[in-house]
Amino acid sequence: MPPDDDDPFAQLIVSVRQCRLCEESLPMGPRPVLQIDPRARILIAGQAPGRRVHETGVPFDDPSGDRLREWLGMPRDLFYDATKVAILPMGFCYPGTGKSGDLPPRPECEKAWRTQLMGCLNDVRLTIVIGQYAQKWHLPQAQKNLTETVRAWKDYGDRVIPLPHPSPRNNIWIKKNAWFTDSLLPVLKKSVRAALG
């Protein structure tokens, strides 16, 4: 069904999905991956899609997403209900792989689209900020590194919770920081339930 010409939000989404700003820099070409609806109550602000997510076009459709849904205490069908959960990474396309994992999100999305899209979210009650790039954007008062930022989660109020990336690559970090599982995750689940109300 074509977008409504009188609906600015629908037109914006079409423009985002057709974006080719950094096409020459993307190893697998552009495929913007995001999930957004103005009615969403939870915003998940992540980094950028990985290779598998690029292939499916579904955000967090990988082992990281399985772990994230477990952390949130959220079933898959609810997670993918855009009227409940917006998923807005810092970069919308897979940036490629570097020496120690995926490359950083491309900056073009932030400059061209992110502020406009954030302005469409009118009822967000909880923002979950995943990884250092999203934390720098959403939490200008963030600590000097990811561990300290996540450890200081109580300092950001009850509407924002910073998280490490749920990637299996972070298994060692999770084991070394037992406070994350013991103290933060129960609060995260409770906050998610409250935001969905």
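Odds and ends about this structure:
- Hits in segment 92-135 (condition: part of a loop (DSSP other than H, G, I, E, B) and within 26 Å of Gly157 (Cβ to Cβ)): Pro105, Gly119, Cys120, Leu121, Asn122, Asp123, Val124, Arg125, Gly131
- Conditions (1) under 26 Å from Gly157 (Cβ atoms); (2) assigned to a loop (DSSP other than H, G, I, E, B); (3) in contact with a strand residue (DSSP E or B) (Cβ under 9 Å, 6 or more places away or on another chain); number of the one not met by Gln141: (3)
- The helices (runs of 4 or more DSSP H) falling completely within segment 16-85 that include 1 or more residues that are surrounded by 14 or more Cβ atoms within 10 Å (Cβ to Cβ), touching a Ser or Thr at 6+ places or on another chain (Cβ under 7 Å) and in contact (Cβ under 8 Å) with a residue 24 or more places away in the chain map to 63-72.
- Residue selected from segment 104-124 under the condition over 15 Å from the mean Cα position of the chain (by Cα) and in contact (Cβ under 8 Å) with a residue 24 or more places away in the chain, by the criterion nearest to Ala10 (Cα to Cα): Cys120
- Residues that are assigned to a strand (DSSP E or B) and of a type outside the set (A, V, I, L, M, F, W, C), drawn from segment 146-195: Pro162
No value in this document is a laboratory result; all are computed from the given coordinates. Bear in mind the structure is a predicted one, so any value in this text is a computation, not a measurement. With ideal geometry, Cβ positions are generated from the backbone for all residues, glycine too; neighbour counts draw on all protein chains shown.
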